[in-house]
Amino acid sequence: MEGKVCSGNNVLQARKAVEQLRVEANMDRVKISVAAAQLVQYCQEHVRADPLITGMTTSANPFKDKKTCTLL
């Protein structure tokens, strides 16, 4: 009896895998050179708003410690 349950489970898993592969095969793909060019263009357009490049003011930094440490 267990053999039938396992084989039925395997068939179900195989059907799901085939369906997933069909979905992935039908996806529109973008060439890597096009995607890279789009990424470079996006980065250049948004460089002024990037805190990693331009830095962040201390008042706008959400990670700044709220209290100062004082040694006695």
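The values are calculated or read from the model by the stated rules, or taken from the named source; none is laboratory data. Because the structure is a prediction, the values reported are computed rather than measured. All Cβ positions, even for glycine, are placed from backbone atoms using ideal geometry, and neighbour counts span all protein chains on display.
Points worth noting:
- If you go through segment 33-60 and keep only what is part of a loop (DSSP other than H, G, I, E, B), in contact with a helix residue (DSSP H, G or I) (Cβ under 9 Å, 6 or more places away or on another chain) and surrounded by 10 or more Cβ atoms within 10 Å (Cβ to Cβ), you end up with just D50.
- Near pairs, Cβ below 9 angstrom, 6+ apart or cross-chain, from segment 32-44 (closer than 19 Å to T54 by Cβ) to any residue that is surrounded by 10 or more Cβ atoms within 10 Å (Cβ to Cβ) and among the charged types (D, E, K, R): C43/D50
- Residue check: G55 meets all listed conditions (1) at pLDDT below 90; (2) at negative phi but one, namely (2).
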